[in-house]
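> Next up is a structure, given as structure tokens.
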Amino acid sequence: MSTPACSKPSSPPARPQASSSSSAVSSSTPTDAELEQLLSREASAFQREMEVERILKALKLNPYDILDLDVSAKPEDIKRKYRQLSLFIHPDKTPHPRAPDAFDILKKAEAELSDTAKREELDAAIASARSTLLRSLSLPTGLMDDDPRLQNLADDPKMQAQGLTTPWKIMLKEKIKDVLIEEELRRRKAIKMNLANEGLEARKKDEEVAAKKRKAEEDKAWEESREQRVDSWRSFSNSKKKKKQKVAILG
């Protein structure tokens, strides 16, 4: 009985080797994580530039508007918000060409709100604007911003009948802007008048000094010509005596 011949096991099929070009492409293709990081950086840069634009467009007379804060903000809230925004729009981190201007505006706004006297003056102007606006709408001046009558102001049929369809916050913002601009114009006019008065006073003092100087020069000239006047008088007196003597001899 013959033994069957052992068959040689077949070798597994060879795997295709990846070409060097395909490996190079895969290595240069960014991963999902890298794409997400890139998009995040671009979004952050865009947000920084948008914040710079917001600060540049904000009313420079209203530090609350610049810092995007409410009037009720506490001192620590002001400092915290300033620190956040100053880091966010810092010229070293923001490619916006006017980032330095926005940074300076932000710094000035924080300084004004940190000055107790300036903040009290600003708060008084804002309160005046608020009361004036509420009275013009025939509403109590003590209403809070979260009052339904203010929240639904634009939907009020009475207001719509008067053509007032602007939301309360926008109306208040515009009124505050008008009041602050009016206050600034009044302040500049007062400064101009003070400067004019100071200029008038300065001219009066200059004229007084000039008059005193002229008087001193005249007195000095009078004293310096004293001897000459005395000599002239002596000469005149002697000439009169000689004439009298001559007349007496002839007589």
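Every number here is computed from the coordinates shown, using simple stated rules; none is lab data. Predicted model, so just to flag it, every value in this text is computed and none were measured. Because the Cβ atoms are built from the backbone with ideal geometry, glycine has one as well, and the counts that use them run over all protein chains shown.
> Once R0 is set to 25 Å, what does the formula 1/(1 + (r/R0)^6) return for the Cβ-Cβ distance between residue 76 and residue 101, expressed as a FRET efficiency to the nearest 0.05? Don't skip to the end; give the middle numbers.
Details: r = 27 Å, r/R0 = 1.08.
So the FRET efficiency works out to roughly 0.40.
> Quickly work out the residue 201-to-residue 156 label distance, labels modelled 7 Å from Cα along the C-beta direction, and quote it in nm with one decimal.
4.9
> Among all lysine pairs in the stretch 117-225 that are eight or more places apart or on different chains, how many have alpha carbons less than 25 angstrom apart?
For the stretch 117-225, the number of qualifying lysine pairs is 26.
> Another question, if that's okay. Taking a ≥ b ≥ c as the square roots of the Cα gyration tensor eigenvalues, with a/c under 1.5 meaning rounded and otherwise prolate when a/b beats b/c, else oblate, which class fits the stretch 40-114?
The shape class here is prolate.
> Between residue 189 and residue 86, what length in nm is gained on full extension when 0.36 nm per residue of separation is reduced by their alpha carbon distance? Walk me through the numbers before you get to the answer.
Details: separation 103, 0.36 × 103 = 37.08 nm, distance 3.35 nm.
The residue 189-residue 86 span can extend by a further 33.7 nm.
> Taking one equal scatterer on every alpha-carbon of the stretch 117-225, how large is log10 of I(q)/I(0) by Debye at q = 0.21, 0.24 1/Å?
For the stretch 117-225 at q = 0.21, 0.24 Å⁻¹, log10 I(q)/I(0) is -1.09, -1.24.
> Moving to a separate point now. Roughly how many nanometres apart are two label points built 7 Å out from the Cα toward the Cβ at residue 146 and residue 212?
My value for the distance between the label points is 6.8 nm.
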